[in-house]
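For reference, the structure is listed below as C-alpha coordinates.
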Amino acid sequence: MMRGGPVIAVDGPAAAGKGTLARKLAEALELPYLDTGLLYRAVGRLALDAGQDPAQPAQRFAQALTPADMQRKDLRTPEVALAASKVAAQPAVRAALVETQRRFAAERGAVLDGRDIGTAIFPDADVKLFITASPATRALRRFLQSGGNTSAADAQAQLGQMEEALRARDEADASRDSAPMCVADDAYVIETDTLDAQAVLAEALRFARERLVTTHG
Ligand code: CDP
(Lines give C-alpha, C1' and ligand atoms only; values in the text may rest on other atoms or scores of the structure.)
Protein backbone atom coordinates (compact mmCIF):
# COMPACT_ATOMS: atom_id res chain seq x y z
CA MET A 1 0.00 0.00 0.00
CA MET A 2 1.37 3.45 -0.91
CA ARG A 3 1.42 5.74 2.06
CA GLY A 4 2.68 9.24 2.68
CA GLY A 5 4.82 8.18 5.64
CA PRO A 6 5.73 5.24 7.85
CA VAL A 7 3.24 3.34 10.00
CA ILE A 8 4.30 2.38 13.50
CA ALA A 9 2.15 -0.16 15.36
CA VAL A 10 2.28 -0.18 19.16
CA ASP A 11 0.32 -3.13 20.58
CA GLY A 12 0.11 -4.76 23.99
CA PRO A 13 -2.08 -5.52 27.01
CA ALA A 14 -3.95 -3.02 29.18
CA ALA A 15 -1.99 -0.34 31.03
CA ALA A 16 1.40 -1.45 29.72
CA GLY A 17 2.36 2.13 28.84
CA LYS A 18 1.49 1.98 25.13
CA GLY A 19 -0.21 5.37 25.15
CA THR A 20 2.67 7.22 26.78
CA LEU A 21 5.18 5.57 24.48
CA ALA A 22 3.14 6.02 21.30
CA ARG A 23 2.55 9.72 21.99
CA LYS A 24 6.27 10.34 22.56
CA LEU A 25 7.28 8.27 19.54
CA ALA A 26 4.89 10.29 17.38
CA GLU A 27 6.38 13.50 18.69
CA ALA A 28 9.96 12.36 18.12
CA LEU A 29 9.27 11.09 14.60
CA GLU A 30 6.88 13.92 13.74
CA LEU A 31 3.99 11.63 12.89
CA PRO A 32 0.27 11.86 13.73
CA TYR A 33 -0.84 9.72 16.68
CA LEU A 34 -4.03 7.70 17.12
CA ASP A 35 -5.08 5.96 20.34
CA THR A 36 -7.32 3.27 18.81
CA GLY A 37 -8.54 2.19 22.25
CA LEU A 38 -10.55 5.41 22.30
CA LEU A 39 -12.61 4.20 19.33
CA TYR A 40 -13.71 1.12 21.25
CA ARG A 41 -14.13 3.06 24.49
CA ALA A 42 -16.39 5.58 22.71
CA VAL A 43 -18.51 2.77 21.24
CA GLY A 44 -18.73 1.11 24.67
CA ARG A 45 -19.72 4.44 26.22
CA LEU A 46 -22.50 4.98 23.65
CA ALA A 47 -23.86 1.49 24.30
CA LEU A 48 -23.92 2.16 28.06
CA ASP A 49 -25.58 5.57 27.50
CA ALA A 50 -28.28 3.84 25.46
CA GLY A 51 -28.93 1.52 28.40
CA GLN A 52 -27.66 -1.41 26.35
CA ASP A 53 -25.59 -4.36 27.55
CA PRO A 54 -22.26 -3.81 25.67
CA ALA A 55 -22.18 -7.52 24.81
CA GLN A 56 -25.26 -6.96 22.61
CA PRO A 57 -24.79 -5.92 18.94
CA ALA A 58 -23.22 -2.43 18.98
CA GLN A 59 -22.21 -1.83 15.37
CA ARG A 60 -24.74 0.96 14.91
CA PHE A 61 -22.76 2.99 17.46
CA ALA A 62 -19.48 2.25 15.67
CA GLN A 63 -20.93 3.20 12.28
CA ALA A 64 -22.17 6.56 13.59
CA LEU A 65 -19.08 7.42 15.68
CA THR A 66 -18.07 11.12 15.57
CA PRO A 67 -14.83 12.87 16.62
CA ALA A 68 -16.81 14.47 19.48
CA ASP A 69 -17.65 10.99 20.83
CA MET A 70 -13.92 10.26 21.03
CA GLN A 71 -13.15 13.53 22.80
CA ARG A 72 -15.50 12.89 25.71
CA LYS A 73 -13.94 13.21 29.13
CA ASP A 74 -15.68 10.14 30.56
CA LEU A 75 -14.00 7.39 28.53
CA ARG A 76 -11.19 6.50 30.96
CA THR A 77 -13.22 4.70 33.63
CA PRO A 78 -12.98 0.97 34.49
CA GLU A 79 -16.65 0.59 33.54
CA VAL A 80 -16.00 1.97 30.05
CA ALA A 81 -12.84 -0.14 29.66
CA LEU A 82 -14.89 -3.28 30.27
CA ALA A 83 -17.65 -2.10 27.91
CA ALA A 84 -14.96 -1.35 25.28
CA SER A 85 -13.61 -4.88 25.56
CA LYS A 86 -17.12 -6.29 25.10
CA VAL A 87 -17.97 -4.27 22.00
CA ALA A 88 -14.44 -4.91 20.67
CA ALA A 89 -15.13 -8.65 20.59
CA GLN A 90 -17.86 -8.10 17.98
CA PRO A 91 -16.60 -8.58 14.39
CA ALA A 92 -19.18 -6.07 13.04
CA VAL A 93 -17.92 -3.38 15.42
CA ARG A 94 -14.29 -4.05 14.44
CA ALA A 95 -15.20 -4.04 10.74
CA ALA A 96 -16.89 -0.64 11.10
CA LEU A 97 -13.68 0.87 12.55
CA VAL A 98 -11.05 -0.57 10.20
CA GLU A 99 -11.30 2.09 7.50
CA THR A 100 -11.16 4.97 9.97
CA GLN A 101 -7.87 3.62 11.30
CA ARG A 102 -6.35 2.98 7.86
CA ARG A 103 -7.44 6.36 6.53
CA PHE A 104 -5.87 8.08 9.53
CA ALA A 105 -2.41 6.93 8.40
CA ALA A 106 -2.91 7.33 4.64
CA GLU A 107 -1.65 10.86 4.16
CA ARG A 108 1.38 11.19 6.41
CA GLY A 109 1.83 7.77 8.06
CA ALA A 110 1.10 7.48 11.80
CA VAL A 111 1.82 5.93 15.15
CA LEU A 112 -1.20 3.91 16.32
CA ASP A 113 -1.58 2.09 19.61
CA GLY A 114 -3.99 -0.76 20.30
CA ARG A 115 -4.26 -4.53 20.32
CA ASP A 116 -4.35 -5.55 16.64
CA ILE A 117 -2.55 -2.76 14.80
CA GLY A 118 0.41 -4.89 13.68
CA THR A 119 -1.64 -8.05 13.12
CA ALA A 120 -4.94 -6.92 11.56
CA ILE A 121 -5.11 -3.19 10.80
CA PHE A 122 -1.61 -2.75 9.34
CA PRO A 123 -0.03 -6.20 8.83
CA ASP A 124 2.50 -4.36 6.61
CA ALA A 125 3.40 -1.71 9.21
CA ASP A 126 6.99 -0.44 8.88
CA VAL A 127 7.65 -0.87 12.59
CA LYS A 128 5.83 -3.18 15.03
CA LEU A 129 6.29 -2.92 18.78
CA PHE A 130 4.64 -5.02 21.47
CA ILE A 131 4.80 -3.36 24.88
CA THR A 132 4.17 -5.48 27.94
CA ALA A 133 4.73 -5.81 31.71
CA SER A 134 3.56 -8.12 34.48
CA PRO A 135 -0.05 -7.69 35.68
CA ALA A 136 1.21 -6.39 39.05
CA THR A 137 3.31 -3.66 37.41
CA ARG A 138 0.48 -2.67 35.11
CA ALA A 139 -2.04 -2.55 37.97
CA LEU A 140 0.31 -0.28 39.92
CA ARG A 141 0.72 2.06 36.94
CA ARG A 142 -3.03 2.30 36.39
CA PHE A 143 -3.51 2.87 40.14
CA LEU A 144 -1.02 5.75 40.16
CA GLN A 145 -2.58 7.14 36.97
CA SER A 146 -6.00 7.22 38.64
CA GLY A 147 -4.81 9.48 41.46
CA GLY A 148 -3.88 6.82 43.99
CA ASN A 149 -4.51 8.93 47.12
CA THR A 150 -6.02 6.60 49.68
CA SER A 151 -5.08 4.74 52.87
CA ALA A 152 -2.52 1.93 52.66
CA ALA A 153 -5.13 -0.76 53.36
CA ASP A 154 -7.52 0.64 50.73
CA ALA A 155 -4.66 0.96 48.26
CA GLN A 156 -3.82 -2.73 48.69
CA ALA A 157 -7.45 -3.71 48.10
CA GLN A 158 -7.82 -1.39 45.10
CA LEU A 159 -4.59 -2.65 43.56
CA GLY A 160 -5.81 -6.22 43.91
CA GLN A 161 -9.10 -5.35 42.22
CA MET A 162 -7.35 -3.49 39.41
CA GLU A 163 -4.99 -6.37 38.75
CA GLU A 164 -7.94 -8.74 38.60
CA ALA A 165 -9.82 -6.45 36.18
CA LEU A 166 -6.75 -6.10 33.92
CA ARG A 167 -6.21 -9.86 33.87
CA ALA A 168 -9.85 -10.50 32.97
CA ARG A 169 -9.78 -7.92 30.17
CA ASP A 170 -6.46 -9.26 28.78
CA GLU A 171 -7.89 -12.75 28.81
CA ALA A 172 -10.99 -11.58 26.92
CA ASP A 173 -8.91 -9.55 24.41
CA ALA A 174 -6.48 -12.42 23.77
CA SER A 175 -9.08 -15.17 23.44
CA ARG A 176 -11.71 -13.53 21.21
CA ASP A 177 -12.07 -14.89 17.66
CA SER A 178 -11.97 -11.53 15.91
CA ALA A 179 -8.48 -9.94 15.75
CA PRO A 180 -7.35 -11.21 19.17
CA MET A 181 -4.49 -9.47 20.93
CA CYS A 182 -1.29 -11.35 20.07
CA VAL A 183 2.34 -10.65 19.25
CA ALA A 184 2.90 -10.25 15.50
CA ASP A 185 5.67 -12.53 14.15
CA ASP A 186 7.81 -9.56 13.23
CA ALA A 187 7.09 -7.44 16.32
CA TYR A 188 9.80 -6.26 18.68
CA VAL A 189 8.72 -7.04 22.26
CA ILE A 190 9.68 -4.63 25.03
CA GLU A 191 9.20 -5.88 28.60
CA THR A 192 8.80 -2.74 30.67
CA ASP A 193 8.78 -4.03 34.27
CA THR A 194 12.23 -2.66 34.96
CA LEU A 195 12.21 0.27 32.52
CA ASP A 196 10.89 3.77 33.08
CA ALA A 197 9.04 5.68 30.35
CA GLN A 198 12.23 7.33 29.10
CA ALA A 199 14.09 4.04 28.79
CA VAL A 200 11.16 2.45 26.93
CA LEU A 201 11.12 5.41 24.52
CA ALA A 202 14.87 5.15 23.94
CA GLU A 203 14.63 1.44 23.16
CA ALA A 204 11.60 1.88 20.91
CA LEU A 205 13.23 4.77 19.03
CA ARG A 206 16.43 2.80 18.53
CA PHE A 207 14.49 -0.09 16.99
CA ALA A 208 12.19 2.16 14.95
CA ARG A 209 15.04 4.19 13.45
CA GLU A 210 16.92 1.01 12.54
CA ARG A 211 13.80 -0.34 10.80
CA LEU A 212 12.97 2.90 9.05
CA VAL A 213 16.48 3.18 7.63
CA THR A 214 16.25 -0.39 6.30
CA THR A 215 12.82 0.04 4.72
CA HIS A 216 13.05 3.65 3.54
CA GLY A 217 16.74 3.92 2.72
O1 CDP B 1 -5.78 1.95 28.05
P2 CDP B 1 -5.96 0.44 28.08
O3 CDP B 1 -4.73 -0.28 27.62
O4 CDP B 1 -6.50 -0.05 29.38
O5 CDP B 1 -7.13 0.10 27.06
P6 CDP B 1 -7.43 0.72 25.62
O7 CDP B 1 -6.22 0.66 24.75
O8 CDP B 1 -8.09 2.04 25.78
O9 CDP B 1 -8.48 -0.35 25.03
C10 CDP B 1 -9.72 -0.61 25.65
C11 CDP B 1 -10.26 -1.91 25.06
O12 CDP B 1 -10.54 -1.70 23.67
C13 CDP B 1 -9.31 -3.10 25.09
O14 CDP B 1 -9.41 -3.86 26.27
C15 CDP B 1 -9.70 -3.89 23.86
O16 CDP B 1 -10.75 -4.79 24.13
C17 CDP B 1 -10.24 -2.85 22.90
N18 CDP B 1 -9.28 -2.53 21.83
C19 CDP B 1 -9.20 -3.39 20.75
O20 CDP B 1 -9.87 -4.41 20.72
N21 CDP B 1 -8.39 -3.11 19.70
C22 CDP B 1 -7.64 -2.00 19.69
N23 CDP B 1 -6.87 -1.75 18.63
C24 CDP B 1 -7.67 -1.13 20.79
C25 CDP B 1 -8.49 -1.42 21.87
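Worth pointing out:
- For the residues 65, 25, 46, 75, the requirement of being within 14 Å of the chain's Cα centre (by Cα) and touching a residue at least 12 places away in the same chain (Cβ under 8 Å) singles out 75.
- Taking each residue of segment 92-111 that is on the phi < 0 side of the Ramachandran plot and buried (at least 21 other Cβ atoms within 10 Å of the Cβ) and looking for partners that are of a type in the set (Lys, Arg) and in a helix (DSSP H, G or I) with beta-carbon atoms closer than 9 Å, six or more apart or interchain, yields 111/23.
- Segment 59-75: number of residues that are surrounded by 14 or more Cβ atoms within 10 Å (Cβ to Cβ) and touching a helix residue (DSSP H, G or I) at 6+ places or on another chain (Cβ under 8 Å): 8
- Of residues in segment 1-58 being within 11 Å of the ligand (Cβ to nearest atom) and in a loop (DSSP other than H, G, I, E, B), the one surrounded by the fewest Cβ atoms within 10 Å (Cβ to Cβ): 13
- Evaluating residue 2 against the criteria (1) at pLDDT below 95; (2) in contact with a helix residue (DSSP H, G or I) (Cβ under 8 Å, 6 or more places away or on another chain); (3) on the phi < 0 side of the Ramachandran plot leaves one unmet condition, (2).
- Number of the condition not met by residue 150 [criteria: (1) crowded, with 21+ Cβ neighbours inside 10 Å; (2) away from the ligand (no atom under 14 Å from the Cβ)]: (1)
The values are calculated or read from the model by the stated rules, or taken from the named source; none is laboratory data. Note that the structure is predicted; figures quoted are calculated from it, not measured. Glycine gets a Cβ as well: all are built from the backbone with ideal geometry, and neighbour counts include every protein chain shown.
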